[in-house]
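In what follows, a single structure is set out as structure tokens and then discussed.
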Amino acid sequence: MNNQRRTVLKSGSGAALLGMLAAAGIITPGMALADWNKAAFDAKSMADTLKALGAGSPADSKDVQVTGPDIAENGAVVPVGVASSLLNVTMVAILIEKNPNALAASFVLPEGTEANVQTRVKMGQTSNIYALVKSDGKFFMATKEIKVTLGGCGG
Amino acid sequence: MIRRLMKTLVGAAILAAFAGSVAAQDSKVADELAKYREALADGNPADLFEVKGEGLWLEKRGPKNASLEQCDLGQGPGKLEGAYAALPKYFKDTNKVMDVESRLVHCMVTLQGFTQAEVTKQWYSKPGKDSDIEALVTFVGAKSNGMKINVPATHPEEAKMAKMGEYIFYRRSGPQDFSCSICHGQDGKRIRLQDLGNLTTKAGAGEAMRTWPSYRVSQGTVWTMQRRLIDCMRQARWPEPNYLADSIIALETYLQKTATGTVMETPGIKR
Amino acid sequence: MGNPMKIRAANKDGVTEVKVLVSHEMETGQRKDSAGAIVPAWFITELTAKHGDKVVLSSEFGPSVSKNPYLAFKFKGGAKGDKITVSWKDNKGDTRSDEAAIN
């Protein structure tokens, strides 16, 4: 992979390079878009993800809630939510500590949108889920463990 | 002697406490699982299949460039309300007891001019390859939401199918000598965290049948009753019947007959 | 292009709650097919919700958002009949946009 990357880097630049990377299947066109935070979604550990989000080491806050069941019957679909009573929340994110890439989703909340977002995520295994909230420019966090069971047969 | 008695008493107390905590833990797990299922119920991805199914029902398709609007699912051409809840049913035009899936396939063949092979090739979806049948069944099923399952199996052909279904349900077979009734013939059984319904009672069969078709979160798609039952056979290590096989329709007839009177709540969402 | 989304929006006491279901495979890029080959990643990267012309939520997704993604959020304002537009784009450059009226 490293070798391949080096070869590609040597042989092109700019749009040509992007095109070649896309052709080689190393990146897909969507990934080349500037606005999607690739660094944050590619980060593996919690610490690296927080760094890529510019969150540093956020303080734990009782005013941030992670909602979700204690047990999920299937890790493919785990309902989770983030809510906060903090003021001027401009961003929330959901991180799953033990997933291959911790960041699941992030949301920018314009003024008037409540700090209350629910979605569903995949979990490879039982893990802590972190809710990250940016309020008045500062980052806060809360956590909850969700156990993932491997179901039996049927349904 | 007294010491021995004490030991026994203490032992019994510990045992009782242990049993108590296991039971408490069990009910806590059950509560949490109920919470999980509830959280999924609002926003069931099966709704997406329903919308797609409606489109497929109305769209002019196939060599005959026709929609399915004239399809008769047992209540008359184009009548969808309550149709799913009353299937399987005997149809005079084919002289067969048909379930929702075999009847939809029949309509796609006769009205739209597709071949049976074309229509059933993708009878269930694979990643990236959606199944039209799943969408159509979800759409038709939802038109019976809130209605009672109504398969009295009074027509002699229906009665015969229900009887055959019952026979299959109890018949032990395959390398594990399994029958449906081994897992689904008693109350209060479960495999790991999954409760196993007693399908021989109206309550058990009703609970099982009323939520189909259902979105399976583990599969990321809607399962039809055909798929559910064919996969049951696979899990019981039986040879898998073909799609739309009479044996599956017979089992459906037996289960729907047992569940008759139960109010439908479909599409469902399951593990 | 994809299949249609399902968007529900309801206003209660001056707050509009929006619930969105999106039809998308959300392939992680970590799964192998039956032949043992990695199934390439294919997932929604961005999803935006608008009330009229005003953006009320912009989201970025990774591949660990579940297949057929679900999203619920609330914003202040909105009136019966107002238009909510939700659009997404995925890592293959595919996009889709759907609308619903607030109830």
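The values are calculated or read from the model by the stated rules, or taken from the named source; none is laboratory data. A quick note: this is a predicted structure, and the numbers were derived from the prediction, not measured. Positions of Cβ are generated from backbone atoms using ideal geometry, with glycine treated the same way; all protein chains shown enter the neighbour counts.
Out of all the residues in region C:71-103, which are in contact with a Gly (Cβ under 9 Å, 6 or more places away or on another chain), surrounded by 22 or more Cβ atoms within 10 Å (Cβ to Cβ) and farther than 30 Å from A:K44 by Cβ? If the condition is that a residue be in contact with a Gly (Cβ under 9 Å, 6 or more places away or on another chain), surrounded by 22 or more Cβ atoms within 10 Å (Cβ to Cβ) and farther than 30 Å from A:K44 by Cβ, then C:F75, C:G78, C:I84 are the ones that fit.
Among the residues of region C:35-43, are any within 18 Å of A:P100 (Cβ to Cβ), out of contact with any Cys (no Cβ under 6 Å at 6 or more places or on another chain), assigned to a strand (DSSP E or B) and more than 9 Å from every other protein chain (Cβ to nearest Cβ)? The answer is yes; a qualifying residue exists. Taking residues in region A:69-81 that are facing chain B (nearest Cβ under 7 Å) and crowded, with 24+ Cβ neighbours inside 10 Å, and partners anywhere that are assigned to a loop (DSSP other than H, G, I, E, B) and charged (D, E, K, R), the pairs with Cβ atoms closer than 7 Å and at least 6 places apart or on different chains are A:E73/B:R271. Here C:T28 does not qualify as surrounded by 18 or more Cβ atoms within 10 Å (Cβ to Cβ), more than 8 Å from every other protein chain (Cβ to nearest Cβ) and over 12 Å from the mean Cα position of the chain (by Cα). The combined condition, being of a type in the set (V, I, T), within 13 Å of another protein chain (Cβ to nearest Cβ) and touching a residue at least 24 places away in the same chain (Cβ under 8 Å), is fulfilled by B:T221. Number of residues in region A:103-150 that are more than 7 Å from chain C (Cβ to nearest Cβ), among the charged types (D, E, K, R) and within 22 Å of C:E17 (Cβ to Cβ): the value is 1. Of the residues making up region C:59-98, those that are assigned to a strand (DSSP E or B) and under 21 Å from A:I129 (Cα atoms) are C:S59, C:E60, C:F61, C:V65, C:Y70, C:L71, C:A72, C:F73. Of all residues in region C:1-22, those satisfying the criterion of being surrounded by 20 or more Cβ atoms within 10 Å (Cβ to Cβ) and part of a loop (DSSP other than H, G, I, E, B) are C:M5, C:V22.
For A:N101, the conditions (1) within 23 Å of C:V22 (Cβ to Cβ); (2) within 14 Å of the chain's Cα centre (by Cα); (3) assigned to a strand (DSSP E or B) are fulfilled apart from (3).
Run B:T201 past the list (1) among the β-branched types (V, I, T); (2) over 29 Å from B:D31 (Cβ atoms); (3) surrounded by fewer than 20 Cβ atoms within 10 Å (Cβ to Cβ) and report the number of the one that doesn't hold. The one condition B:T201 does not meet is (2). In summary, C:N68 fulfils each of the numbered conditions (1) buried (at least 19 other Cβ atoms within 10 Å of the Cβ); (2) at pLDDT 95 or above; (3) within 13 Å of chain A (Cβ to nearest Cβ); (4) under 30 Å from A:A39 (Cβ atoms) with the single exception of condition (2).
Filtering region B:1-52 to residues that are at pLDDT below 85 and among the aromatic types (F, W, Y) leaves only B:F18. Selection within region B:60-73: residues that are of a type in the set (K, R) and part of a loop (DSSP other than H, G, I, E, B). The member of this set that is nearest to B:Y215 (Cα to Cα) is B:K60. Among the criteria (1) within 21 Å of the chain's Cα centre (by Cα); (2) outside any loop (DSSP other than H, G, I, E, B), the one B:W57 does not fulfil is (1). For region A:36-52, taking the residues that are crowded, with 17+ Cβ neighbours inside 10 Å and of a type in the set (G, A, S), the one that is farthest from the other protein chains (Cβ to nearest Cβ) is identified as A:A52.
Let's see how each residue does on (1) among the hydroxyl-bearing types (S, T, Y); (2) more than 14 Å from chain A (Cβ to nearest Cβ); (3) free of Cβ contacts under 8 Å to residues at least 12 places away in the same chain:
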position: B:Y36; (1), (2), (3): yes, no, yes
position: B:F49; (1), (2), (3): no, yes, no
position: B:W57; (1), (2), (3): no, yes, no
position: B:G78; (1), (2), (3): no, yes, yes
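Does C:V56 count as under 12 Å from the mean Cα position of the chain (by Cα) and either more than 7 Å from every other protein chain (Cβ to nearest Cβ) or surrounded by 15 or more Cβ atoms within 10 Å (Cβ to Cβ) (or both)? Considered against the rule, which asks whether it is under 12 Å from the mean Cα position of the chain (by Cα) and either more than 7 Å from every other protein chain (Cβ to nearest Cβ) or surrounded by 15 or more Cβ atoms within 10 Å (Cβ to Cβ) (or both), C:V56 comes out as no.
The rows are residues; the columns are (1) of a type outside the set (A, V, I, L, M); (2) touching a residue at least 12 places away in the same chain (Cβ under 8 Å).
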{"residue": "B:F178", "(1), (2)": "yes, yes"}
{"residue": "B:S181", "(1), (2)": "yes, yes"}
{"residue": "B:K189", "(1), (2)": "yes, no"}
{"residue": "B:L193", "(1), (2)": "no, yes"}
{"residue": "B:G197", "(1), (2)": "yes, yes"}
{"residue": "B:T200", "(1), (2)": "yes, yes"}
{"residue": "B:E207", "(1), (2)": "yes, yes"}
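For region B:185-204, the criterion of being out of contact with any helix residue (DSSP H, G or I) (no Cβ under 6 Å at 6 or more places or on another chain), acidic (D, E) and not in a helix (DSSP H, G or I) is met by at least one residue.
For every residue, the table says whether it meets (1) on the phi < 0 side of the Ramachandran plot; (2) within 14 Å of chain A (Cβ to nearest Cβ); (3) surrounded by 21 or more Cβ atoms within 10 Å (Cβ to Cβ).
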| position | (1), (2), (3) |
| --- | --- |
| B:L136 | yes, no, yes |
| B:V140 | yes, no, yes |
| B:E157 | yes, no, no |
| B:F178 | yes, yes, no |
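Counting residues in region B:225-233 that are of a type in the set (K, R), in a helix (DSSP H, G or I) and in contact with a helix residue (DSSP H, G or I) (Cβ under 7 Å, 6 or more places away or on another chain) gives zero. Condition check for B:R227 on (1) among the basic types (K, R); (2) surrounded by fewer than 23 Cβ atoms within 10 Å (Cβ to Cβ); (3) within 27 Å of B:K52 (Cα to Cα): one failure, at (2). Looking for something assigned by TED's automatic domain parsing to the domain that holds B:M108 and touching a residue at least 60 places away in the same chain (Cβ under 8 Å) - is there at least one such residue anywhere in region B:19-30? No, region B:19-30 has no match at all. The residues in region A:33-47 that are farther than 22 Å from A:Q118 by Cα and in contact (Cβ under 8 Å) with a residue 24 or more places away in the chain can be counted, and the count is 4.
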